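Working notes for the structure below.
Values in this text are rule-based calculations from the coordinates and carry no lab data. Here the structure is a predicted model, which is why all the values come from computation and not from measurement. Neighbour counts are summed over all protein chains in view; Cβ atoms, including those assigned to glycine, are modelled from backbone coordinates with ideal geometry.
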Amino acid sequence: MGALRIILLDHLSARLEIVAEAEKARDVFLVAEVMAEATNVRHHVKKLAFGYAAARHFAEALRAAGFRVRYVTLDDADNAQTLDGEVLRAMAELSPDRVLVTEPGAWRLREGFEALKLALPVPLEILPDTRFLCSHTEFDAWAEDRRDLRMEYFYREMRRRHGVLLEMDGTPTGGRWNLDAENRKPPKAGLDSPPRRSFRKDAITLDVLEMVRRRFPDGYGRLEPFHFAVTRRQALVELEHFVTHILPGFGDYQDAMVRGEAYLRHSLLAPYLNAGLLYPLEICHAAEAAFRAGKAPLNAVEGFIRQILGWREFVRGVYWRSMPGYLEQNALAAHEPLPWFYWSGETQMACMREAFVHTHEHAYSHHIQRLMVTGNFALLAGLDPKAVHEWYLAVYADAYEWVELPNTLGMALHADGGLLASKPYAASGNYINKMSNFCSGCAYDPKVSTGPGACPFNALYWDFLARHRDRFGANARMPYVYATWDKMGLDKQAALRSQAQAHLIAMRAGTL
Ligand code: FAD
Ligand code: SF4
């Protein structure tokens, strides 16, 4: 035969070279579900089900197009349950003259394929992942000689390079590159999540749900209801629904959080984009077209496009440029173990509980809940970055290491020492109270910092700043907070620090 073409579960794109250049008569695709990847962290069962259902549908589409596909399910009696093992088994049975795989989204897997190269009797080639808009070479060229990597400058270059929201003279549409200042409104009364698309589950998806239920009885999260799109066609329907009905409100309340409302105006497109069912530029073009047609305001469209053309490509560049050392970074020397309530949701902090409920139910919580609630708490409490990273990697349907790790370790935990963000995203209960309606249903009071009912975010916030004054005291973006701390006086400072210790003791005891 010709080539064995390995399709990983997040490479479900017909436009990738591995598919586009396949020869129907000679080549065979290998798609393998393996326990080694299902259990490397405690993945949410919805995430597992989405991955398998989308991969099985993709394999069906390849077969329907006339390709030969070797699909190995978790239940296959001969499954070696590792990727290497499945490649070797396929090699033994099919004798291909070469093996191809698209670059995986985790350093660990790329290293695995590099090692496999040496063990195989035929060449194994790792192809570039051309779904991204910025290649490793282009990112390295941009980053070279820059002391700090800042998303804003990268984003402007991406807008210019891809002609997105750009006028004929090269200036940004609307005169400004970034309209973030208009996208930070607190929730208005009655702000809710508009209805979302849900798709009829066919036999393939029902089989996957049955298998996941049976094989992961103690898995994290709720498996059903299961609303995910599992084919490109369905993902395009989701995109169209988002652009038509939800995008116009994306900007204003992008940072708002509301009790019982997991989605608000967010797109929910990340799983599809990351798995390969949608492409970044088609999403940006659809959003821009809505603006040009007068159907969505610029602050919504620019804010949305910035996430995809800017942040998403930027964090990927940082990941590949900084690995493998990035995973080991712990610039703030944070060593607290992850509290059990991240898994159980059992905490008196209403904001945290809310994020955990969304996460458990939907394998989703929106960006501000990830960053300013669960991430902020982890930062302030000094939780161990690797433990926090493994949690985020496990619990969200969109989580893959290339995108999750820089967001967690760099953006949320500042564990990379500021490579990705110029200042830590640290905030007290005041921020959460302003941007959500969580505090009114909480056992704690956001206006109280010490004594009974004190909101844990308050004392932990000040303790964090005091603990890391050597590092942040001279930060040009933080003089105001340190001036406030200095004005407090020694007694108040001591009370806050001892209150923070009390919160940490309660956290360790599982009573916070
Ligand atoms: P929307 O809010 O609708 O945003 C639109 C799209 O922009 C998203 O679908 C996503 O593709 C992209 N995007 C937005 N913000 C980011 C960002 N910071 N980095 C990269 N892409 C972004 N995103 C993931 O795709 N996978 C992850 O594993 C992941 N882990 C995260 C962990 C932490 C601690 C934090 C703070 C953020 C993480 N993000 C991750 C980024 C972001 O929170 C999610 O992309 C977003 O919440 C997905 O929901 P959505 O599709 O509704 O996004
Ligand atoms: Fe969260 Fe504090 Fe508000 Fe409670 S009072 S919801 S812990 S910010």
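Given the DSSP H assignment, sum -39500 (n - 2.57) over each helix run of at least 4 residues in the chain and divide by its residue total; what's the result at 222 nm in deg cm²/dmol, nearest 500? Let's see the in-between values first.
Values: 23 runs with 224 residues, N = 512.
Counting only the DSSP helices, I get -12500 deg cm²/dmol.
Treating only the Cβ atoms of Lys and Arg (+1) and Asp and Glu (-1) as charged, compute the dipole magnitude of region 3-127 about its Cα centre; round to the nearest 20 debye.
For region 3-127, the charge dipole is close to 300 debye.
Could you give the size of the charge dipole of region 183-244 about its Cα centre, using +1 on the Cβ of each K and R and -1 on the Cβ of each D and E, expressed in debye and rounded to the nearest 20? Working shown, then result.
Values: 13 positive and 8 negative charges, 51 e Å.
Using Cβ point charges on Lys, Arg, Asp and Glu, region 183-244 gives about 240 debye.
Can you tell which of Phe356, Gln493, Gly441 lies farthest toward the positive end of the dipole of region 341-509, using +1 and -1 charges on the Cβ of basic and acidic side chains (Lys, Arg; Asp, Glu)?
Farthest towards the positive pole: Gln493.
When only alpha-carbon atoms are used, what values of Rg and Dmax, in angstrom, describe region 341-509?
15.6, 46
Mind checking which aspartates and glutamates have their C-alpha under 17 Å from Lys492, skipping anything on the same chain fewer than 8 residues away?
Output for Lys492: Asp463.
How much length, in nm to one decimal, is gained on full extension between Ala119 and Asp207, taken as 0.36 nm per residue of separation minus their Cα-Cα distance? Let's see the in-between values first.
On the way: separation 88, 0.36 × 88 = 31.68 nm, distance 3.51 nm.
Additional length available on full extension: 28.2 nm.
Only sites in a loop by DSSP and with at most 12 other Cβ atoms within 10 Å count here; which GluC sites (Glu not before Pro) in region 86-146 make the cut?
Hits after loop and neighbour filter: Glu144.
Pull up the cross-link candidates among the lysines for Lys487, meaning alpha carbon to alpha carbon under 25 Å and not fewer than 8 places away within one chain.
Partners within reach: Lys423, Lys434, Lys447.
Using a simple charge model, +1 on the beta-carbon of Lys and Arg, -1 on the beta-carbon of Asp and Glu, nothing else, what dipole does the chain show about its Cα centre, in debye to the nearest 20? Provide the component values of the computation, followed by the final result.
On the way: 60 positive and 62 negative charges, 245 e Å.
Roughly 1180 debye for the chain.
Rounded to the nearest Å, what's the spacing between the alpha carbon centres of region 217-273 and region 383-408? Just the number, please.
Distance between centres, Cα-based: 19 Å.
Given the options Asn274, Phe139, Gln307, identify the residue whose Cα lies farthest towards the positive end of the charge dipole of the chain (+1 on Cβ of Lys, Arg; -1 on Cβ of Asp, Glu).
Of the options given, the answer is Gln307.
Rg over Rh of the chain, using C-alpha atoms and the Kirkwood radius, what does it come to?
In the chain, Rg relative to Rh is 0.97.
Under 17 Å Cα to Cα from Lys201, which aspartates and glutamates show up? Leave out anything in the same chain fewer than 8 places away.
Cα-Cα hits under 17 Å: Glu60, Glu210, Glu224, Glu238.
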